[in-house]
Amino acid sequence: MNHFRVRIFSAALVLALMASELAFAPARAQSPPATTFWFAGTRLIFDSPVALDGDVAVAVRDSGLQRLLARVGASISYEPQQRYIVITSADRRIISFTVGDARYAVAGVVASASFAPFFDGNDVIVPLYAIARALYVQPIAAGGDTVFEPQIGALDVRPDGRRTIVTLHAATALKYVKTSETPERLSVTFSGVGSALSPNRHIGGGIDDVDVAVSGPVKNPASTVTITAPKGAQHLIAVTASPYDFTAVFGPPGVALDLDAPSPNAASGVSGTSGGMAAGGPAAAGAPVAAAPPSATPPLVASPLPAAPGGQPPPAVATVPQTEATPQSGAASVTGVAVDVRSDGGLDVRLSIDGTATYDWHRLRDGRWYLDVADSKLRGPARDERPISPAVESVRVRQIGSPDAPVVRVAFTLHGDRRVDVTPADGSLTLSVANADDNDLARTGNGQIGGATVASSSAQSPAGPPLAPIAPQPETTPWKFGPPAADGNRTIVIDPGHGGDDAGTAHNGLVEKELTLAISLRLRTLLTQAGWNVRLTRETDIDPVSPELLSAFAGDGRPNSSDRAYLQTRCDVANASNARLFISIHVNYADATSVRGTTFYYTKPQDVPLAQALERSVIPVAGTQDDGVVKSNLYVTKHTNMPAVLIETGFISNPGDVRLLADRNFLQTFAAGIAAGVKAYAGALPAMSSKTDQ
Amino acid sequence: MRAQRLIALIVALAVVIFGAWWVIKKRHHGGGDSIVVYYTKTDGTTEVPWRVTLGPARDPKSVAFYAAAQVLAGPSSDIEAIRFPAGTHVRAIELDGSTVEVDLSGEVGKSAEGGLSETAEFKSLVWTLTDPKTLPGVDAVRVRVDGTRVATLPGGHFELDEPLSRSNF
């Protein structure tokens, strides 16, 4: 019996060892491949390729692999002895491998490589062909060579209102010639690329068919794509953000095809997504059609979170300063709603409120909790969000009541008996939901925002006595947003961003350092005329830096000493002069040309009133989009001792903003808006000034 | 007696096979867990979460690396978002108590063309790596660029000298 047991456990031990070995067993090494590799007419030389199970094994650091990735615009994240290898393609698809697992994921589609990546000392060995195919590059044997043929790898057909957008994605930049063209039929030939798409595909809807024909030798292929739309349609070849894409827009006569134009019937427009159906597979009308990696299985990996009810976009957890913040007399205005999930899992909702208002809140027995701000208007869109918080299931902010008695309601659906703390302040109301149950919860409370703050809560039941109304209290001081000017300080420091060798951003014939100086000089004139003592951190085209700071920072052992010295010099101008305010002028940039507007950045709590005052004064006169008051960790607003704001005046990348920024009148108007904001914030000058602006 | 031995043998083999299958499944296929990754909308402030399924490596450092790499890649190209500059990748990652240190490649410096990009990019990185379900206990992110600590990106506006937390945004 004992002998029998020993045999059983010995067998079990052997099987267990075999199983554990399977988990990380390196693939069986074989000989170097007897082939030469080519890509787009040039030879690719790999450091130490090894033929392995129908693929080629190369190290992540292999110079040939790095060159191939660079040629197709991909980047790779990898760290020695770390199991994930993440590749990002030029069209922002994520390809992820894991050491010890032959499966890999391409933009949410799981495929299998012929072998699992494995460690080799400080490097990791990966399957070259699997990576290439995921990047729309097909390895093709041609005689004794292996040609990595760049391909058109995906086709998206996306309805957009009454128009249909057709987009091709390729491994390399697409160069094309139109080979035939009628209003409803477009035929385009792309040189240097093959295709993995099926040769003929019936689409339906706004597009009848898409045909793909590949010609030419494997080392220099060409692909002709013919798109046929229903009779009477028209088309337009659109400018794409990526050179790896080609986009054509089709639609019936009279429909605007320019993608910058609003989508016709936008309300019914459907946003498609790319990826998800294998090339050669069936294509539903309007469905995205994409080449999938080999051995594809249904999408498993990446998915957007479910949309909020009512067709809302995916839940946003955000700090969203809202627009249209112009206060109106009578009612208070809720000008911003910031929803913030704390690191402890709790949630903060901060309402920015302009004016004086009363509020009351109530806890219902079914987990709902709501707060009403009486006689107030929501200056921005309603919010309906499902933040990822263990404390809160949903947050809703909306306008209720009647035109004569408007009310802004904030409602939570809580996960259990979560405590909600309501903290009023001048200009804001913060609701903090704790990520823990509390057995002794108040059921109702009330308070006031602005004027004499009154905050209270009670453990009364909802059936308790009605809340006593609290009369709104008038403002007692015109200095609502700023400190009283009793200290006699009348110095303002203006910081024209960048300068000298640091031009800042430069696009569309405009240069940031020149624009910031032009606005700052105009602002100095206006503020000086109003009696302020104005200092500029630079008055000419230089990047000011203190030699003492450069020297001191170079020896302090902290990083990036020169960049820090340049920025600290600007801060020191304000700190050394004990300035009352610091205003830094900049120009913004975004890759997306549609992004525009003016943003008022702050860092310290004492910056907020100044930022708000500037926002209120600048936006109405400048006519730019109000991108709000935004908190950020900017150096100059962080390291100045006084209220400080960095104004990004407009986007040098947006055509509308560029037109404004190129106009000298706009620069003057913008400066006047800032000066008015300073006046609104700080009021009249101190008594010691010989001039006043009142 | 022989029948009992046979049954015992079958049971023992079944247990071993099940155990081996469980080990392989756990190490190869994971449990389908996902993490939340954030991107910043083009308004520069709004964080939008989306879920990404984890691969089989679940140790905190691997998860942090995977999450950071996902943030740098951003959402699919048909979604409007503020994105890290093309080519930006994770060079290394370290966990140090409640701080995760991310070493980014130098391509990130291309984003220093305005407060919007810098603020939005680092906000999405911080929000992703401080999500309590992704990396419990982590509440700050220190950024390195090409292996060294920096005060700001070259020509940039955003301070990176100290670890960043959600309260910085």
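The values are calculated or read from the model by the stated rules, or taken from the named source; none is laboratory data. Remember, it's a predicted structure, so these values are computed and weren't measured experimentally. Reconstructed Cβ throughout: ideal geometry from the backbone, glycine too, with neighbour counts over all protein chains shown. For the accessible areas, the whole protein counts, side chains as well, though only heavy atoms, and no ligand, DNA or RNA atoms are used. Shrake-Rupley method; radii C 1.70, N 1.55, O 1.52, S 1.80 Å.
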Discussion item. From Cα pairs below 8 angstrom and at least 6 apart in sequence, can you work out the relative contact order of segment A:491-682, rounded to a whole percent?
Written reply: 27
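When you look at the Cβ of every residue in A:89-102, what mean number of other chain Cβ atoms sits within 10 Å?
Values: counts 2, 3, 3, 10, 3, 10, 1, 8, 1, 8, 4, 5, 7, 1.
Counting Cβ atoms of other protein chains within 10 Å of each residue's Cβ and averaging gives 5.
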Worksheet entry | Signed unit charges on C-beta, dipole axis of segment B:46-169, positive-most listed residue B:Ala57, B:Ala73, B:Asn168 | B:Ala57
Discussion item. Taking a virtual spin label 7 Å from the Cα of A:Asp404 along the C-beta vector, which residues in segment A:340-376 bring their backbone nitrogen under 20 Å of it?
Written reply: A:358, A:373-376
Worksheet item: Using Cα pairs under 8 angstrom and six or more residues apart, how large is the relative contact order of segment A:330-458, in percent?
Response: 27
Worksheet item: How many Cβ atoms of partner chains, on average, are near each residue of A:584-594 if near means within 10 Å of its Cβ?
Response: 4
Worksheet, complete the sentence: For A:Leu52, the residues 5 or more places away or on another chain with a placed amide H closer than 5 Å to its own amide H are A:Ala57
Discussion item. Students often forget the sequence filter, so: which aspartates and glutamates lie under 16 Å Cα-Cα from B:Lys133 once same-chain residues fewer than 8 apart are removed?
Written reply: A:Asp340, A:Asp344, A:Glu393, B:Asp33, B:Asp59
Worksheet item: Assuming R0 = 60 Å, what is the FRET efficiency of A:Lys231 and A:Asn641, from their Cβ-Cβ distance, to the nearest 0.05?
Response: 0.25
Discussion item. How much length would be gained if the chain were fully extended between B:Asp146 and B:Glu80, taking 0.36 nm per residue of separation minus their Cα-Cα distance, in nm to one decimal?
Written reply: 21.0 nm
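For segment A:36-142, just say rounded, prolate or oblate: build the C-alpha gyration tensor, square-root its eigenvalues into a ≥ b ≥ c, call rounded for a/c under 1.5, and beyond that prolate if a/b exceeds b/c, oblate if not.
It is rounded, given that a/c, with a ≥ b ≥ c, falls under 1.5.
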Item to complete: Indicate the gyration tensor shape class of segment A:514-623 (rounded, prolate or oblate), computed on the Cα atoms with a ≥ b ≥ c the square roots of the eigenvalues: a/c under 1.5 is rounded; otherwise a/b larger than b/c is prolate and the rest oblate.
Response: prolate
Response to the item:
Taking every residue of B:157-165, the Cβ atoms of other protein chains inside 10 Å of its Cβ average out to 6
Worksheet, complete the sentence: The aspartates and glutamates whose Cα lies under 15 Å from the Cα of A:Lys231, excluding any fewer than 8 residues away in the same chain, are A:Glu181, A:Glu184, A:Asp208, A:Asp209
Practice prompt. Work out the charge dipole of segment A:330-458 with +1 on the Cβ of Lys and Arg and -1 on the Cβ of Asp and Glu about the Cα centre, then indicate which of A:Ala382, A:Ser333, A:Val349 is farthest towards its positive end.
Written response: A:Ala382
Discussion item. Using a 7 Å offset from the Cα along the Cα-to-Cβ direction at both B:Asp59 and B:Ala14, what is the distance between the two label points in nm, to one decimal?
Written reply: 3.6
Worksheet item: Once you put a point 7 Å from the Cα of B:Ser98 and another 7 Å from the Cα of B:Leu6, both along the Cβ direction, what distance in nm separates them?
Response: 6.5
Worksheet item: Of the beta bridges DSSP finds with both residues in chain B, what % are antiparallel, to the nearest 5?
Response: 75
Worksheet item: Can you list the residues, at least 5 places off or on another chain, whose amide H is less than 5 Å from the amide H of A:Asp101, using H built in the peptide plane?
Response: none
Worksheet item: If the cut-off is a Cα-Cα distance under 14 Å, which aspartates and glutamates reach B:Lys110, setting aside same-chain residues fewer than 8 apart in sequence?
Response: A:Asp502, A:Asp591, B:Glu118, B:Glu121, B:Asp146
Discussion item. Buried accessible area between B and A (1.4 Å probe, both chains summed, ligands and nucleic acids excluded), in Å² to the nearest 100?
Written reply: 6700
Discussion item. Once each part is reduced to its C-alpha centroid, what is the distance from segment A:33-108 to segment B:51-70 in angstrom?
Written reply: 19
Worksheet entry | FRET efficiency, 1/(1 + (r/R0)^6) with R0 22 Å, evaluated for A:Val239 and A:Ser191 via beta carbons | 0.65
Practice prompt. Estimate the FRET efficiency between A:Ala425 and A:Ala576 by the formula 1/(1 + (r/R0)^6), using the beta-carbon distance for r and 35 Å for R0, to the nearest 0.05.
Written response: 0.65
Item to complete: For a label point 7 Å from the Cα of A:Ala256 along Cα→C-beta, name the residues of segment A:594-609 whose backbone N is under 15 Å from it.
Response: A:594
Practice prompt. Return the carbon/sulfur percentage of the accessible area of chain B, one whole number, probe 1.4 Å, all protein chains in place.
Written response: 58
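Order of A:562-574, B:2-14, B:90-102 by packing, highest average Cβ count within 10 Å first?
On the way: A:562-574: 22.2, B:2-14: 10.9, B:90-102: 18.3.
Answer by packing, highest mean first, reads A:562-574, B:90-102, B:2-14.
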Item to complete: Please say if segment B:32-168 is rounded, prolate or oblate, where rounded means a/c under 1.5 for a ≥ b ≥ c the square roots of the C-alpha gyration tensor eigenvalues, and otherwise the choice is prolate for a/b larger than b/c and oblate otherwise?
Response: oblate
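Which of the pairs A:Lys178/B:Lys41; A:Lys513/B:Lys61; A:Lys377/A:Lys638; A:Lys377/A:Lys631 have their Cα atoms more than 30 Å apart in this structure? The partial results should precede the final answer.
Details: A:Lys178/B:Lys41 36 Å; A:Lys513/B:Lys61 42 Å; A:Lys377/A:Lys638 33 Å; A:Lys377/A:Lys631 24 Å.
Over 30 Å apart, Cα to Cα: A:Lys178/B:Lys41; A:Lys513/B:Lys61; A:Lys377/A:Lys638.
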Worksheet, complete the sentence: With the 8 Å Cα cutoff and a minimum separation of six or more residues, segment A:65-173 has a relative contact order in percent of 16
Worksheet entry | Virtual spin-label span in nm between B:Ser34 and A:Ile140, 7 Å along Cα→Cβ | 3.8
